[in-house]
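Notes follow once the structure below has been shown.
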Amino acid sequence: MQDVIGQKHRLRYGTVATAVLFVFFILLTPFQMNQPRMPDPWAYRFAIQNFAEGKWTVTDAEAAEGRMQARLEGGHLTQYVQLETNHWVLEKMPGYPLLVIPFYKLGVPQLANMMLALTAAAVLFGAFSAWRDEFAGFVGVVLFLFSPLALVAAHYAFMDTFASGALLVIGGALALWYDARAGKGRGIALLLVAAGFVAAWAVMVRVVSGLLFLLIAFYLVWVIYQHHGWPNRKAWFHLSLFAAGAAVVFGVFIAYNLAVFARPLDMGYRYTPYPVLTSWGLVPFEKTGTSPWFVWQASGVLQVSLLQLRLWFIPLLLGWPFLGLALAEFGVRFRHRAWTRPVTLAMLWLVCAFVPYWGYVGLMHELRTPYGRGPGFFMPDRYVFPAAFAITLMAGSFLMRLSPRWRLPLLVLYVVAAAGYAWYVLTSF
């Protein structure tokens, strides 16, 4: 009994040490505002500065001053759009700038990603421990925090990448935790409210995360039905707690829209001067022979899909070296017909994370980035960082199949290699 208690304490200390090492890594890595060479950091920094001062929109003069400041520092401010004279707005969703404001006022905007990382570590450990055991919780924290993609994403305090994944890791883990506890016990109400709040805030960071928000809601409906039956008062009460957490966030979003666009539902993307192109509209799907139209159309879509799959192979493995373990776990589960609710959640999660960008021309262009220098893998992987929860869940499940004496050495080796590679990426360009 004492050995079991001692092992649990060691795993908890190990989890805390992992989170602390992650924070130290971010603090020690040299920061360069003009890397990576993309417009996003400049737009987010300008938005955070203005939002912190209560300026939800900026005038022509302020926008021109912001563009000049970005040029002087080697960047470009292009993601503020003009609605009318003296009315410029952030093109992107407001969730991340609003999240960073308190830390920006303290003079340490990097703390936003660090606090998200620490929160994700705590929730992952609790959820995976309830689902499997405390070693699984420790494994989940290590795999999430020390993926090269997470280490690089957390480094960029003026980009939404890390928040887009960490918020959904927290939301997904809270839903899994609720399932593992069979919807019972102390703190269940707070857990559901937090799940709704965090998952909804992820949508306010990136609108395409709406699919994953709906998936979390669907999963909770499924779990509530399995544990409490349907319909009954308790089931409706639990579902309303999740909805209440989400409603708070959507209330904030509506208030922002009213202040910026004078309408409750809107976003800056609707006013961007840059067209959003997809491969489906650019690839010439030519009709050949006497085949029906749907045959040659499907053939063209298949060509684009196979091309994108081939281009994804290298950057995904560089960003998530343990991706192969996650896919192997899916294979094992399918072979042995061990298709549980969390496995179904993980499979649908990957679909919802990747589908919004399938055929997106901007992503196709970045998939051709040379991966041998600079943050090549980060450019396309940043779009699908919200897939982190599903990949971590399944890769961790596969690692738990290994002999206990191999798990810890492999994790230590993985942490050293991932941190070394991420450091190389962040300092080699």
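Within the stretch 379-421, being at pLDDT below 85 and within 18 Å of the chain's Cα centre (by Cα) holds for M379, P380. Among the residues of the stretch 94-108, not a single one is among the hydrophobic types (A, V, I, L, M, F, W, C), part of a helix (DSSP H, G or I), surrounded by fewer than 13 Cβ atoms within 10 Å (Cβ to Cβ) and at pLDDT 90 or above. The condition of being modelled with pLDDT of 95 or more, surrounded by fewer than 24 Cβ atoms within 10 Å (Cβ to Cβ) and either within 14 Å of the chain's Cα centre (by Cα) or part of a helix (DSSP H, G or I) (or both) holds for only one of L214, L174, L167, that being L214.
Can you spot a residue in the stretch 190-199 that is over 24 Å from V384 (Cβ atoms) and outside any helix (DSSP H, G or I)?
Applying the first criterion (over 24 Å from V384 (Cβ atoms)) to the stretch 190-199 yields 190-194.
Add one more test, that the residue is outside any helix (DSSP H, G or I), and what stays is none.
The answer is no; no qualifying residue exists.
The sole residue among F237, F261, F313 that is of a type outside the set (G, A, S), modelled with pLDDT of 70 or more and surrounded by 15 or more Cβ atoms within 10 Å (Cβ to Cβ) is F261. Taking the stretch 177-189 as the range and being surrounded by fewer than 24 Cβ atoms within 10 Å (Cβ to Cβ) and assigned to a helix (DSSP H, G or I) as the test, the residues that pass are W177, D179, A180, I188, A189.
For the stretch 310-340, the set of residues classified as in contact (Cβ under 8 Å) with a residue 40 or more places away in the chain, over 17 Å from A353 (Cβ atoms) and assigned to a loop (DSSP other than H, G, I, E, B) consists of P321 only. The residues listed here are S305, S299; of these, the one that is of a type in the set (S, T, Y), in a helix (DSSP H, G or I) and at pLDDT 65 or above is S305.
I'd like to know if the stretch 123-136 contains one or more residues that are closer than 24 Å to V252 by Cβ, out of contact with any Asp or Glu (no Cβ under 7 Å at 6 or more places or on another chain) and of a type outside the set (D, E, K, R).
If we filter the stretch 123-136 for residues that are closer than 24 Å to V252 by Cβ, which is where we start, we get 123.
Pick out the ones that are also out of contact with any Asp or Glu (no Cβ under 7 Å at 6 or more places or on another chain) and you get 123.
Keeping just the survivors that are of a type outside the set (D, E, K, R) gives 123.
For the stretch 123-136, residues closer than 24 Å to V252 by Cβ, out of contact with any Asp or Glu (no Cβ under 7 Å at 6 or more places or on another chain) and of a type outside the set (D, E, K, R): present.
Could you pull out the residue among V249, V221, V260 that is free of Cβ contacts under 8 Å to residues at least 24 places away in the same chain and among the β-branched types (V, I, T)? Working first, answer last.
Values: V249 fails: free of Cβ contacts under 8 Å to residues at least 24 places away in the same chain; V260 fails: free of Cβ contacts under 8 Å to residues at least 24 places away in the same chain.
Going through V249, V221, V260 in turn, just one is free of Cβ contacts under 8 Å to residues at least 24 places away in the same chain and among the β-branched types (V, I, T): V221.
The values are calculated or read from the model by the stated rules, or taken from the named source; none is laboratory data. Predicted model, so just to flag it, every value in this text is computed and none were measured. Here Cβ is always computed from backbone atoms with ideal geometry, including for glycine, and neighbour counts include all displayed protein chains.
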